[in-house]
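The structure appears right after this line, and notes come after that.
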């Protein structure tokens, strides 16, 4: 039994390290209260959300370099989770700002308080997910973020496709949750614990029947695969991305995916790593499940299906949805490596992916505000009707393709380098071929913007000055980090080692 003094000391330290999450909870409640008090101000909750994210970021910065297992090893604060929390926080902050420009959200005198409040709740769930090391806490975190995202996906409920998207999201989410909780129950029956550290210790010391362990692992990974849009758990992605407000689509494509990858990597390393003292770079997995093979299959299927189906899309949101699926496949390539080099590549890729993907979705939002369409054919002549937006869109799409001198090139470079270093040259070749395919469907957008209806008399698309500033904030780093990327690489390398100690 733990002495009471030691328990109290550990609890106080755990609560102290839970401050960023506590700030988000307080922000959530304040957004609700202020929305009730100031009904006439539709943006009050959004302003509170921005302030709350800023305060949470301050306390998150205070945790830089901290590694500690909180709340009886159920919650881990370490540089790995800290990196992903920054991705989630920045994505949430940017999407809240994007929302102020969204015509589809502000039409019809729709109340916005609940919208901003739900974004805060979703961010809190994603924060929990990145640090959870207990299977039940992981499940609760997924449900916390999912419930908010279900509502947000159908927030423009008077639009038929939004209601359809929300319903499909709920149905697929319920199925994945059921699969996951069933896998958790099997794993608990095998090991007698829900804590990943204890599960790891049990698997390392005891012989376990391979069949139920494999089934349990695959079912749990199916739940994670749903969040990262990995094939064959991707079915919800195109319909939800197309039907949801552009702002929520952007948030799901980056923050939700980041949280899913964070928990997948932590599940693999803490739960199934046979840790060799003194050599944290080597991931020798405990006997029972060939994770390398499973992840390779998921990676190849995900990037290939995402890119091939994207070729046939005529709607920008659906195109970016399948592009998002393909990018999940690229990131899974790095996870396949199962070492710290691969994890660092994942972190680097995610930071750059956040910049270019959010930028692309913001341009889709701005153009939709003016022309009322997200169809690629309606982008004809946009290079002359909206030169600034077209140039920025071209930059973000080039970066998403992975061409120099953009940040996307650096992200893919580190992913492919990690895969080749691990000896999986064929997997890197598959990734390169898929990148070439992606260039084809991105080029369709370039063609429409610059080569079709060049002499069109259609009205010009004016861009508000604040929107120009926001685009520059995303576009300039996308270019700069394509040339000078050392700070992000160093940060990722310092954050790659997941905390395993006492």
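The values are calculated or read from the model by the stated rules, or taken from the named source; none is laboratory data. Quick caveat: nothing in here was measured; it's all calculated off a predicted structure. Because the Cβ atoms are built from the backbone with ideal geometry, glycine has one as well, and the counts that use them run over all protein chains shown.
Please verify whether the stretch 481-497 includes one or more residues that are modelled with pLDDT under 90 and under 27 Å from the mean Cα position of the chain (by Cα). Break it down stepwise before answering.
Taking the stretch 481-497 first, the residues modelled with pLDDT under 90 are 496-497.
Okay, now just the ones that are also under 27 Å from the mean Cα position of the chain (by Cα), so 496-497.
Yes.
Let's see how each residue does on (1) without any contact (Cβ under 8 Å) to a residue 24 or more places away in the chain; (2) closer than 26 Å to residue 353 by Cβ; (3) buried (at least 24 other Cβ atoms within 10 Å of the Cβ):
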position: 190; (1), (2), (3): no, no, no
position: 197; (1), (2), (3): no, no, no
position: 201; (1), (2), (3): yes, no, no
position: 210; (1), (2), (3): no, no, no
position: 239; (1), (2), (3): no, yes, no
position: 246; (1), (2), (3): no, yes, yes
position: 250; (1), (2), (3): no, yes, yes
position: 260; (1), (2), (3): no, yes, yes
Exercise. Of the numbered conditions (1) crowded, with 20+ Cβ neighbours inside 10 Å; (2) closer than 23 Å to residue 249 by Cα; (3) touching a strand residue (DSSP E or B) at 6+ places or on another chain (Cβ under 9 Å), residue 133 fails exactly one; give the number of that condition.
Key: (2)
Quiz item: Is there a residue being over 19 Å from residue 115 (Cβ atoms) and more than 26 Å from the chain's Cα centre (by Cα) anywhere in the stretch 71-79?
Solution: yes
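Out of 417, 492, I need the residue that is surrounded by 13 or more Cβ atoms within 10 Å (Cβ to Cβ) and within 30 Å of residue 68 (Cα to Cα). Which one? Show your work before the answer.
Values: 417 fails: within 30 Å of residue 68 (Cα to Cα).
Only one candidate passes the filter, namely 492.
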Exercise. Filter the stretch 396-413 down to residues that are touching a residue at least 60 places away in the same chain (Cβ under 8 Å), surrounded by fewer than 23 Cβ atoms within 10 Å (Cβ to Cβ) and part of a helix (DSSP H, G or I), then give me how many there are.
Key: 1
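For the stretch 461-478, how many residues meet the condition of being in contact (Cβ under 8 Å) with a residue 60 or more places away in the chain and surrounded by fewer than 16 Cβ atoms within 10 Å (Cβ to Cβ)?
4
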Practice problem: Look at the stretch 37-49 and say how many of its residues are modelled with pLDDT of 90 or more and surrounded by fewer than 19 Cβ atoms within 10 Å (Cβ to Cβ). | Solution: 1
